[in-house]
Amino acid sequence: MDSKLKIGVLVSGSGSNFQAILDACSRGELAARVVCVISNKADAFALERARRAGIPALHLDHRAHAGREAYDAALVATLREFGAELVVLAGFMRIITPVLLEAFPMAVMNIHPALLPAFPGLHAQRQALEYGAKLAGCTVHFVDAGTDTGPIIAQAPVPILEGDTEETLSARILKEEHRIYPEAVRLFAEGRLSVDGRQVKIT
Ligand code: GRF
């Protein structure tokens, strides 16, 4: 019997966070297995990463579905087909509906490149720079019905340096993303996370 946590990963782009989780699994740091990677974009490099690792890589085109709920129902069907127990959003550029959330209660995670609740939504790194913040960072959270509003699992601060551009800041934040996302998934896999309202308790 495979006692490892089965993870379904949703992506839209490069998939470097997916890669970090995959690498942590390969190194044996994470009692988990990625069972499928699903992208709404056919050309997402994340799909190529999955293929190279021998993981089922699927393109599910959101434009082929009648609306967000219908698309999420297709995602749920595919995730169930592969037996996913945890859904990891890794640069998945779609708004999630209750159709997905109710199928995986407190089992959908996301990473956001800001210290939430500051700078939710798109272009978080640019928002932080334009605001003149001195500190940026990243947040892993459970997904709820809002945009980047779910209970926080892990955060890491990253300094904003003079002369930073969106690119240099994003790269510095990404390094921390690759550290804390596998760590948050590990805590979930070990059954060490419990949610009480907004509080995520780690035991
Ligand atoms: C990351 O910055 C993540 O925080 C955001 O989208 C980006 C995805 O990067 N949600 P990657 O596809 O994991 O390389």
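The values are calculated or read from the model by the stated rules, or taken from the named source; none is laboratory data. A quick note: this is a predicted structure, and the numbers were derived from the prediction, not measured. When we count neighbours, we look across all protein chains shown, and the Cβ atoms used for this are built from the backbone with ideal geometry, even at glycine.
Numbers below:
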quantity: Count of segment 1-49 residues which are out of contact with any Ser or Thr (no Cβ under 9 Å at 6 or more places or on another chain), within 16 Å of the ligand (Cβ to nearest atom) and either in a helix (DSSP H, G or I) or among the polar types (S, T, N, Q) (or both); calculated: 12
quantity: Residue check, Leu79 part of a loop (DSSP other than H, G, I, E, B), surrounded by 15 or more Cβ atoms within 10 Å (Cβ to Cβ) and under 16 Å from the mean Cα position of the chain (by Cα); calculated: no
quantity: Count - residues of segment 145-177 that are among the aliphatic types (A, V, I, L, M), assigned to a loop (DSSP other than H, G, I, E, B) and without any contact (Cβ under 8 Å) to a residue 40 or more places away in the chain; calculated: 2
quantity: Selected residue (only one of Pro56, Pro105 is in contact with a helix residue (DSSP H, G or I) (Cβ under 9 Å, 6 or more places away or on another chain), surrounded by fewer than 22 Cβ atoms within 10 Å (Cβ to Cβ) and at pLDDT 95 or above); calculated: Pro56
